[in-house]
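Notes to accompany the following structure.
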Amino acid sequence: MNHVDTIAAPGSGISTNPPTATPEECAQLAADVEAYCQEIRPLEEIAYLEHEPNPAIAELAKKYNMLGMSMPKKYGGRAVDSLTYARALIRINREGTGVRTFFSGHTSIGQYPILKYGTEEQKDRYLPASCRGECTLAFGLTEPDAGSNPLEGTCTWRREGDKFILNGVKYLISNGSIADAVLVFAFPEGSTGSERRMSAFIVDTAGDTFEAEALHAKPGMYTSDTAMFEMTEHPISGDNMLGEEGNGFRIAMHTLVSGRLSVASGCLGTIEDCLEECLRYAREREQHGKPIGKHQLVQQHIARIEMMRSTADALIERAAIAKDKSDAAPGDKEELARADFAIAEAKYWASNAAWEAVDRAVQIFGGRGWSELYRPFRHLQDVRVCRIYEGTDEIMQLKIASSLLGKEFAAFG
Ligand SMILES: Cc1cc2nc3c(=O)[nH]c(=O)nc-3n(C[C@H](O)[C@H](O)[C@H](O)COP(=O)(O)OP(=O)(O)OC[C@H]3O[C@@H](n4cnc5c(N)ncnc54)[C@H](O)[C@@H]3O)c2cc1C
């Protein structure tokens, strides 16, 4: 483990903060995560069954000091390496994909780009407050008409005195209606052609020029926030551009590499929880005079769930190590490409593996499987979105194939 905390020039876009947590501190985080999960389980279950948001997701995260797991200690984080953070998300996601998505939105795609691209002043303003639970973060890239291709976005910015003014709508944003600050990607107002380059901003959400609305028409993840928001002549500080002007697309893509690892990890949590539930149920439930676990076709389902678990686990471990190597080598395009590839494979595989695992778990539970009262069906409702958000199955496959074929085979420009 690296014990050196190096920070490059502020705003250079190449700062890095190697993990500094000791093995004991990593073990303490795992213990805190376990305590969090045990405390949240009954609260989450009630909120889920009532299809209501669960404020305890954030409140207990604050109590257990889990709001900056991978952030450097100097900003109040716990500075764990990517594998330890992934293991935390795996455990958290056993309590529900919605619970884990809160952490992904706040840390993996909220704090991470500020840490990587922020000026020292931006980091000082947002990272300690977000680690203390005083500033919830979100990542706003998607728009109603720009999902897989963010370059088709229409959100705009312009400079006015010492402020930036933002306009436009962001759609399907995790933590979007509870965030105090959102990373927003926008184009210069009135720009065309080569001037039309996306920039990134840290947008404080206070004020009536920023209107957010939680989206409720979703078939799962009831307890966590998915929202849309509209900015109408929304003024933000002139210091709040993140990274260099025109560098927003690169920042967004780099951030999604971090986010996808969190999604892959979450999916493994889903699989682990389904496996544990199925092993218990298959031992207890009797039909035809014996535990259903003695029926070979039920064993086949269990074997497949276990294969989904072990293969996803191996890919996530490889991906987490690749991410740490890339983070430790800022500016090294090859390391970043290796991490991007490994994480795309892990995300694509783990999300599909989880989809297979939840389906088989529901089958093992029979009629009880088709009920929100049991964990497998709740996981089934939640986990489907993991094949869509932070890059769809199709985009992951294009990324994997074109990485192998070479740039000239990229399916889109
Ligand atoms: C619950 C939830 C939470 C989310 N959280 C966030 C968040 O925090 N921040 C954020 O910015 N976004 C978030 N999103 C948005 C998510 O990332 C997008 O939904 C996703 O990227 C897909 O975009 P889209 O929905 O516009 O689909 P589209 O891009 O319209 O895609 C529709 C279909 O076409 C396929 N497709 C598109 N282009 C190609 C291509 N070139 N080749 C092959 N197939 C293609 C897609 O794979 C998909 O199957 C969230 C979404 C959900 C549902």
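The values are calculated or read from the model by the stated rules, or taken from the named source; none is laboratory data. The structure presented is a predicted model; accordingly, all values stated were derived computationally and were not measured. No Cβ is skipped: glycine too gets one built from the backbone with ideal geometry, and neighbour counts run over all protein chains shown. Only protein heavy atoms, including side chains, enter the accessible area calculation; ligands, DNA and RNA are left aside. Shrake-Rupley method; radii C 1.70, N 1.55, O 1.52, S 1.80 Å.
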request  = Taking GLY369 as meeting all but one of (1) touching a residue at least 60 places away in the same chain (Cβ under 8 Å); (2) over 18 Å from ARG338 (Cα atoms), write down the number of the exception.
outcome  = (1)
query = If only one of ASN65, ASN17, ASN93, ASN54 is closer than 25 Å to ALA264 by Cα and at pLDDT below 95, which one is it?
reply = ASN17
Yes/no for ARG91 being surrounded by fewer than 24 Cβ atoms within 10 Å (Cβ to Cβ), part of a helix (DSSP H, G or I) and not acidic (Asp, Glu) = yes
request  = May I ask you to verify whether ARG158 is part of a loop (DSSP other than H, G, I, E, B) and either among the polar types (S, T, N, Q) or open to solvent by 50 Å² or more (accessible area, probe 1.4 Å) (or both)?
outcome  = no
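Condition check ((1) hydrophobic (A, V, I, L, M, F, W, C); (2) farther than 21 Å from ILE316 by Cβ; (3) in contact (Cβ under 8 Å) with a residue 60 or more places away in the chain) across all residues:
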residue	(1), (2), (3)
LEU43	yes, yes, no
LYS63	no, yes, no
PRO72	no, yes, yes
ARG87	no, no, yes
PHE102	yes, no, yes
THR119	no, yes, yes
GLN122	no, yes, yes
LEU127	yes, yes, no
message = For segment 354-402, give me each residue that is open to solvent by 70 Å² or more (accessible area, probe 1.4 Å), within 23 Å of the chain's Cα centre (by Cα) and basic (Lys, Arg).
response = ARG384
key: Flag for SER237 being farther than 18 Å from PRO113 by Cβ and open to solvent by 20 Å² or more (accessible area, probe 1.4 Å)   = no
ask   = Does segment 96-119 include one or more residues that are among the hydroxyl-bearing types (Ser, Thr, Tyr) and open to solvent by 20 Å² or more (accessible area, probe 1.4 Å)?
value = yes
ask   = Restricting the search to segment 161-186, which residues are in a loop (DSSP other than H, G, I, E, B) and either surrounded by 24 or more Cβ atoms within 10 Å (Cβ to Cβ) or within 13 Å of the ligand (Cβ to nearest atom) (or both)?
value = ASN175, GLY176, SER177, ILE178, ALA179
remark   = Inside segment 315-331, the number of residues satisfying the requirement of being free of Cβ contacts under 8 Å to residues at least 60 places away in the same chain and open to solvent by 60 Å² or more (accessible area, probe 1.4 Å) is 2
